[in-house]
Amino acid sequence: MLVRQLARFMAENPGIKVEQRVTPDAADQKHQLYVQWLNAGASDPDILQLDVIWTPEFAAAGWILPLDEFRPDTADFFPSTIAANRWQDSLYALPWFIDVGMLYWRTDLMTGPPATFDDLVREARRAKKQPGIRYGFVWQGARYEGLITTFLEYLGAYGGRILDGGRVVVSSDAGRRALTEMLDEIYGDGIVPSAVLTWHEEETRFAFQNGESAYMRNWPYPVPLMQDSSKSRVAGKFSVAPMPAGPGGSHTAAIGGAQLAINRRTEHPEAAWAVIDYLTQPEQMRERARVVGQFPTRPRLYDDPDLASGLIIPPATIRQIIDFAVPRPVTPVYTQLSEILQIHLHRALTRQTGPAAALAQAQTEMQRLLNRAGLGTGEPVARR
């Protein structure tokens, strides 16, 4: 797909030659490689494909160029995707395509998606009585980044946040209610198996794809895989929706996806911008959606009739979910903050400590980290 689009770009811009550099598919390996290149002051590659959580890190390190001088039309992108790529009021990357966390539900077991967690619990308990349904709901609960995205969606459902500027605010009433909801689903309501505490995206996909679960939280990538009737027991029997809301909050979808940035050391900034601008135009986004099923980052494309022919999920449904999308904390030290929070969330979910104590300790450690990095505005003492 990218090869085809770059070939067209070069045909239209004969003065610019674009070569692709091979990088690992695994995000952690790609991140490590980028850090090695950029720390060494390499001018190549000129354009970097970033995970959404890397942009502020690379911007604060001085590794990527601010894009404001090129005057991108930021108003034509989803606001949440632009917010995720800003650091200190400057834009450092353009969103290429977007991933969002979503709720998968069985259309053969229920008449519609749940609006609230109470609805989900009730329907999941009812569905578990059906033959072959072992689990009511499955999500990513292993101690890794997937746990943070799952928790972020529960947290937003209760009106909470992880950061408020330079203050860590995860140890809030909303945070405790969100984490308690997750615990209750495992140990109280019994709709979520305790095995999810070792599960990543693929384990949850297999459980849902094999017809064993009524609901699943995951990213968009399983959709085409589960529509293959030769490999999926739920082909034609599922749909997607926003994650449920709780009291005091709203539906929330964690943002993923790819961003395009320019290496600050590039010798060809204008040419690099020309490529990024071309790849993020509506025509290229429309084609990516049709060929590889990736979601565009421009809202107006979801009203385009051509988009419906390229996506398995109706564009209106995707747009509804993306409208609830929120970025993870936009900070250069996000990875370190995430690692701290992962530890304490997992301790609470494995019942090594209570939810209030876990979040209080996480907040204290996270605030100390922010303060040490010169990014904090709060005291390293958890508030209850």
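The values are calculated or read from the model by the stated rules, or taken from the named source; none is laboratory data. Everything quoted here is computed from the prediction, not taken from an experiment. We place every Cβ from the backbone using ideal geometry, glycine too, and count neighbours over all the protein chains shown.
Brief remarks follow.
- Whichever residue in segment 198-234 is small (Gly, Ala, Ser) and assigned to a loop (DSSP other than H, G, I, E, B) and, among such residues, is nearest to Gly257 (Cα to Cα): Ser232
- For Ala195, the requirement of being free of Cβ contacts under 8 Å to residues at least 12 places away in the same chain, outside any helix (DSSP H, G or I) and assigned by TED's automatic domain parsing to the domain that holds Ala142 is not met.
- Ala7 being surrounded by fewer than 17 Cβ atoms within 10 Å (Cβ to Cβ) and over 21 Å from Leu65 (Cβ atoms): yes
- Taking helices (runs of 4 or more DSSP H) as the structural unit, those lying wholly within segment 249-331 and holding at least 2 residues that are among the charged types (D, E, K, R) and more than 28 Å from Phe151 (Cα to Cα) correspond to 269-279, 282-292.
- Out of Ala178, Ala207, sole residue that is small (Gly, Ala, Ser), within 22 Å of Gln363 (Cα to Cα) and either surrounded by fewer than 21 Cβ atoms within 10 Å (Cβ to Cβ) or touching a helix residue (DSSP H, G or I) at 6+ places or on another chain (Cβ under 6 Å) (or both): Ala178
Yes or no, residue by residue, for (1) under 30 Å from Ala373 (Cβ atoms); (2) of a type outside the set (Lys, Arg); (3) surrounded by 20 or more Cβ atoms within 10 Å (Cβ to Cβ); (4) assigned by TED's automatic domain parsing to the domain that holds Arg290:
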{"residue": "Thr81", "(1), (2), (3), (4)": "yes, yes, yes, yes"}
{"residue": "Tyr104", "(1), (2), (3), (4)": "no, yes, yes, no"}
{"residue": "Thr116", "(1), (2), (3), (4)": "no, yes, no, no"}
{"residue": "Pro131", "(1), (2), (3), (4)": "no, yes, no, no"}
{"residue": "Glu145", "(1), (2), (3), (4)": "yes, yes, yes, no"}
{"residue": "Thr150", "(1), (2), (3), (4)": "yes, yes, yes, no"}
{"residue": "Gly166", "(1), (2), (3), (4)": "yes, yes, no, no"}
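- Listed conditions (1) under 16 Å from Gly249 (Cβ atoms); (2) in contact with an Asp or Glu (Cβ under 9 Å, 6 or more places away or on another chain) are all met by Ala174, apart from (2).
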